[in-house]
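First up is the structure itself, then whatever we jot down about it.
The values are calculated or read from the model by the stated rules, or taken from the named source; none is laboratory data. Since the structure is predicted, the reported quantities are computational estimates derived from the model, not experimental observations. Cβ: placed from backbone, ideal geometry, glycine included. Neighbour counts: every protein chain shown. To get the accessible areas, we keep the full protein, side chains included, count just its heavy atoms, and leave off ligands, DNA and RNA. Shrake-Rupley method; radii C 1.70, N 1.55, O 1.52, S 1.80 Å.
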Amino acid sequence: MRRFRLDGEEIVVSLPRVERDVLAQLLPQLRELLMGAGDPMLRRLNPPARPDDAEAEQRYRDLVDDDLLLARLESLETVEEGLDGARLDDEGVAAWMRSLNSLRLVLAERLASEGIDLVAFDADALDDELEPLGHLYEWMGWMLSDLLDAAAPTLDG
């Protein structure tokens with residue numbers, strides 16, 4: 001069974017129970033992390049736009065941070081509502097991609113903070129403490145790939 005499949009102009013979400021359960025645990029954790037602005041695990045979600053100019057960087061943050069947070073929280077809500085099955089239009093697909101990618105970026109930051117090389121990455125080679133995080137990181141990549149494969153025929157250009 002495919003997690004995501006194209007049906008007309010919509011993507012049908014049909015996740016196995018275990019995957020729904022994992023996402024149901026991860027999404028509230030991501031929401032909590034997002035609400036605690038300034039957490040170093042969010043570094044890859046909010047990379048500096050102007051690292052060479054602190055004043056310009058602050059102006060940029062003042063302009064975009066609230067909108068980015070709101071978009072991420074709305075996307076999380078869309079995913080949570082669709083865990084038991086959903087039909088996604090373009091906006092729904094974008095929300096799922098944003099949320100899955102956000103989870104993956106946070107996991108990447110956690111692994112990188114432990115000195116893990118994500119270019120030559122092998123989750124099975126990680127120590128017992130980090131191996132589950134490594135497998136989650138890989139799984140998020142597969143989920144994104146599956147969603148993109150299903151949605152690709154509907155994308156313009």
Search result, residues across the range 75-93 that are open to solvent by less than 20 Å² (accessible area, probe 1.4 Å) and in contact (Cβ under 8 Å) with a residue 40 or more places away in the chain | 76, 79, 82, 83, 88, 92, 93
Considering residues that are acidic (Asp, Glu) and surrounded by 15 or more Cβ atoms within 10 Å (Cβ to Cβ), the number found within the range 1-38 is 1
Enumeration of residues in the range 107-139 that are aromatic (Phe, Trp, Tyr) and open to solvent by less than 40 Å² (accessible area, probe 1.4 Å) = 137, 139
Failed criterion for residue 142 (all others in (1) under 13 Å from the mean Cα position of the chain (by Cα); (2) buried (at least 17 other Cβ atoms within 10 Å of the Cβ) hold) = (2)
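With more than 13 Å from the chain's Cα centre (by Cα), farther than 17 Å from residue 22 by Cα and modelled with pLDDT of 95 or more as the only criterion, which of 88, 68 stands out?
Values: 68 fails: modelled with pLDDT of 95 or more.
On inspection, the qualifying residue turns out to be 88.
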So which residues in the range 94-111 are out of contact with any Phe, Trp or Tyr (no Cβ under 8 Å at 6 or more places or on another chain) and free of Cβ contacts under 8 Å to residues at least 60 places away in the same chain?
-> 94, 95, 97, 98, 100, 101
Just to be sure, is residue 100 of a type outside the set (Val, Ile, Thr) and open to solvent by less than 50 Å² (accessible area, probe 1.4 Å)?
-> yes
Out of (1) free of Cβ contacts under 8 Å to residues at least 24 places away in the same chain; (2) not in a loop (DSSP other than H, G, I, E, B), what's the single condition that is false for residue 65?
-> (1)
